[in-house]
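Peer 1: Take a look at this one; I'll ask things after.
The values are calculated or read from the model by the stated rules, or taken from the named source; none is laboratory data. Quick caveat: nothing in here was measured; it's all calculated off a predicted structure. Note that we place each Cβ from the backbone using ideal geometry, even for glycine, and neighbour counts take in every protein chain shown. With ligands, DNA and RNA removed, areas are computed over all heavy atoms of the protein, side chains included. Shrake-Rupley method; radii C 1.70, N 1.55, O 1.52, S 1.80 Å.
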Amino acid sequence: MKFTKMHGCGNDYVYVNCFQETVEHPEEVSRRISDRHFGIGADGLILIKPSEKADFEMDMYNADGSSGAMCGNGIRCVAKYVYDYGLTDQTSISVDTKSGVKYLDLMVKDGRVEQVRVNMGAPELTASRIPVLSEAEQVIGRPVEIGGEEYRYTAVSMGNPHAVVFVEETDCLELEKIGPLFEHYSGFPDRINTEFVKVLDDRTVQMRVWERGSGETLACGTGACAVAVAAVLNGVVKGNQVTVKLLGGTLQVEWDREKNLVFMTGPAAVVFDGEINL
Ligand SMILES: N[C@H](CCC[C@H](N)C(=O)O)C(=O)O
């Protein structure tokens, strides 16, 4: 199977051009190739497919083989792939995902995509639709006890579920301990992606993330969007543009309140092309 290894802010996936390749049992393939010792090493697998509804389709799998409904860093890399590898010459494209069709603007320099701006759609705040179990209609800064500790979290879906927790410090967090406790908490029926966020100033936050199905990653695009929405809702930033610093890079997120649309802008990079016998 031919593949291209790419990353968005260090959130790295194996990309397969399914206009040319056929991938049987993608869940199993994702588990195998994601292993950083016995496989290629990645946070998961992303298939780039033809689509009836959009210019392309993104079919994303986490490292544990579970299907991901949306992937912010991944969709920026899909945009870079289809332009740089000649599947399109358009700089505005649409990509269908399990969370609907997304619209992207590609910023090209010397014939290659450097940055991508993604219309990530509207944030979902209704608890039952995220889903999180809560007696409240929306979960904004509400208490939850997980692993014997109390946290305050804000629940946001960007097509996939997120729990955003504001903390004093992120560096000292033992994510490998608390991450799985959040991911598998009974109050999150479909599991959840969890972001731990430190506010740096009234426009900037830094975050770490424990991703559903992949563990700690260096960045999470949908997570950065959920964090920006949660920061505005909790009043910890001014305005509606947030700079989100992640371990692997920085994303710019804007929540257009009139249109209720979230826009994420960030980089995408190719690491190498390869071929693997599965
Ligand atoms: N782990 C996520 C999918 C990948 C999201 C993340 N890598 C991003 O950039 O948005 C989930 O199961 O919902």
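Peer 1: Say we look at the stretch 85-110 and pick out the residues that are under 16 Å from the mean Cα position of the chain (by Cα) and either small (G, A, S) or within 11 Å of the ligand (Cβ to nearest atom) (or both); which of these is most open to solvent (accessible area, probe 1.4 Å)?
Peer 2: K98
Peer 1: Looking only at the stretch 166-183, which residues are without any contact (Cβ under 8 Å) to a residue 60 or more places away in the chain and among the hydrophobic types (A, V, I, L, M, F, W, C)? Walk me through it before giving the result.
Peer 2: Of the residues in the stretch 166-183, the ones without any contact (Cβ under 8 Å) to a residue 60 or more places away in the chain are 167-183.
If the condition is that a residue be without any contact (Cβ under 8 Å) to a residue 60 or more places away in the chain and among the hydrophobic types (A, V, I, L, M, F, W, C), then V167, C172, L173, L175, I178, L181, F182 are the ones that fit.
Peer 1: Next question. Suppose the filter is away from the ligand (no atom under 14 Å from the Cβ) and over 30 Å from I93 (Cβ atoms); does E183 pass it? I'd like the intermediate steps shown before the answer.
Peer 2: On the way: away from the ligand (no atom under 14 Å from the Cβ): no; over 30 Å from I93 (Cβ atoms): yes.
Criteria not met by E183.
Peer 1: Do we have G41 as among the small types (G, A, S) and either at pLDDT below 95 or part of a loop (DSSP other than H, G, I, E, B) (or both) here?
Peer 2: When the stated conditions are applied, G41 passes them.
Peer 1: Further, regarding this structure: So which of V113, V82, V78, V23 is surrounded by 22 or more Cβ atoms within 10 Å (Cβ to Cβ), outside any strand (DSSP E or B) and over 17 Å from the mean Cα position of the chain (by Cα)?
Peer 2: V82
Peer 1: With the condition kept exactly as written, say whether any residue in the stretch 165-176 is in a strand (DSSP E or B), surrounded by fewer than 18 Cβ atoms within 10 Å (Cβ to Cβ) and of a type outside the set (V, I, T).
Peer 2: No, the conditions are met nowhere in the stretch 165-176.
Peer 1: Checking A136 against (1) within 23 Å of Q20 (Cα to Cα); (2) open to solvent by less than 80 Å² (accessible area, probe 1.4 Å); (3) part of a loop (DSSP other than H, G, I, E, B): exactly one of these is not met. Which one?
Peer 2: Looking at each condition in turn, A136 falls short on (1).
Peer 1: Another question, then. Filter the stretch 214-251 for residues that are under 19 Å from A155 (Cα atoms), out of contact with any Gly (no Cβ under 9 Å at 6 or more places or on another chain) and small (G, A, S) and give the result.
Peer 2: A226, A228, A231, G235, listed by residue number.
Peer 1: Taking the stated definitions as given, is V197 touching a Ser or Thr at 6+ places or on another chain (Cβ under 8 Å) and either at pLDDT 95 or above or more than 16 Å from the ligand (Cβ to nearest atom) (or both)? First the steps, then the outcome.
Peer 2: Values: touching a Ser or Thr at 6+ places or on another chain (Cβ under 8 Å): yes; either at pLDDT 95 or above or more than 16 Å from the ligand (Cβ to nearest atom) (or both): yes.
When the stated conditions are applied, V197 passes them.
Peer 1: So, one more: Would the stretch 226-244 turn up any residue that is surrounded by 24 or more Cβ atoms within 10 Å (Cβ to Cβ), in contact with a helix residue (DSSP H, G or I) (Cβ under 6 Å, 6 or more places away or on another chain) and under 30 Å from D256 (Cβ atoms)?
Peer 2: yes
Peer 1: Based on this model, can you work out whether D64 counts as open to solvent by less than 20 Å² (accessible area, probe 1.4 Å) and either among the basic types (K, R) or within 16 Å of the ligand (Cβ to nearest atom) (or both)? Before you say what the answer is, go through the steps one by one.
Peer 2: Numbers: open to solvent by less than 20 Å² (accessible area, probe 1.4 Å): no; either among the basic types (K, R) or within 16 Å of the ligand (Cβ to nearest atom) (or both): yes.
Taking the combined requirement at face value, the residue does not satisfy it.
Peer 1: Have a look at G159, G121 and point out the one that is closer than 24 Å to T250 by Cβ, outside the structural domain of V229 (by TED's automatic domain parsing), within 14 Å of the ligand (Cβ to nearest atom) and in contact (Cβ under 8 Å) with a residue 24 or more places away in the chain.
Peer 2: Of G159, G121, the one residue that is closer than 24 Å to T250 by Cβ, outside the structural domain of V229 (by TED's automatic domain parsing), within 14 Å of the ligand (Cβ to nearest atom) and in contact (Cβ under 8 Å) with a residue 24 or more places away in the chain is G121.
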